[in-house]
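Engineer: Below you'll find the structure I mean.
The values are calculated or read from the model by the stated rules, or taken from the named source; none is laboratory data. Since the structure is predicted, the reported quantities are computational estimates derived from the model, not experimental observations. Cβ sites come from the backbone with ideal geometry, for glycine too, and all protein chains shown count toward neighbours. Surface accessibility is based on the protein's heavy atoms, side chains included, excluding ligands, DNA and RNA. Shrake-Rupley method; radii C 1.70, N 1.55, O 1.52, S 1.80 Å.
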Amino acid sequence: RWLISLVFITTCAFLILQRHLSQAQSSPMFSLIVTLTFRNDEYKQEFLQLFSPVAKYVRENEPSTLAYESLQSDQDPLRILLLERYTDKDVAYLKTHKSSSAFLEFRPKLKAMQEAGYVTIEGHSYEDSMIGFVGRNR
């Protein structure tokens, strides 16, 4: 009788785990593309100094963050694009990244810059379409 109970419990645990894994795999990757336009170079440099330790933290502590980088416009020296890519929205982005100590320290500083008029921010979020690819080596 105890063997039947053990088999039943093991089977239930396996089915629950399998369901959880299939749901996690079915969640599309999530990306944020954020454009920052600075009033002058001094504010852009201030932002980059604030962003650099956050990017380092994310690289070292958030394995579910696939990309987290700043890109400098080649046409407008005061424009930066932030590219953020996560394995999923709910866990990797909302639960892990947005609750990290680095993000919680950084975000109010960026918001203060925005409220002071030093930077305008425009962002959009996207779910992976599963068409194309990311990550080719040179």
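Engineer: Applying the selection to region 34-73, what residues are assigned to a helix (DSSP H, G or I) and in contact with a His (Cβ under 9 Å, 6 or more places away or on another chain)?
Structural biologist: Answer for region 34-73, where residues must be assigned to a helix (DSSP H, G or I) and in contact with a His (Cβ under 9 Å, 6 or more places away or on another chain): just Val58.
Engineer: Could you check region 106-138 and list, in sequence order, the residues that are among the hydroxyl-bearing types (Ser, Thr, Tyr) and farther than 22 Å from Leu66 by Cβ?
Structural biologist: Answer for region 106-138, where residues must be among the hydroxyl-bearing types (Ser, Thr, Tyr) and farther than 22 Å from Leu66 by Cβ: Tyr118, Thr120.
Engineer: Out of region 95-118, which residues are among the hydrophobic types (A, V, I, L, M, F, W, C), in contact with a Phe, Trp or Tyr (Cβ under 9 Å, 6 or more places away or on another chain) and within 18 Å of Leu32 (Cα to Cα)?
Structural biologist: Passing the criteria: Ala102, Phe103, Phe106, Leu110.
Engineer: Quick one: in region 88-128, which of the residues that are more than 22 Å from Phe30 (Cβ to Cβ) and assigned to a helix (DSSP H, G or I) is least open to solvent (accessible area, probe 1.4 Å)?
Structural biologist: Filtering region 88-128 for residues that are more than 22 Å from Phe30 (Cβ to Cβ) and assigned to a helix (DSSP H, G or I), the one least open to solvent (accessible area, probe 1.4 Å) comes out as Met113.
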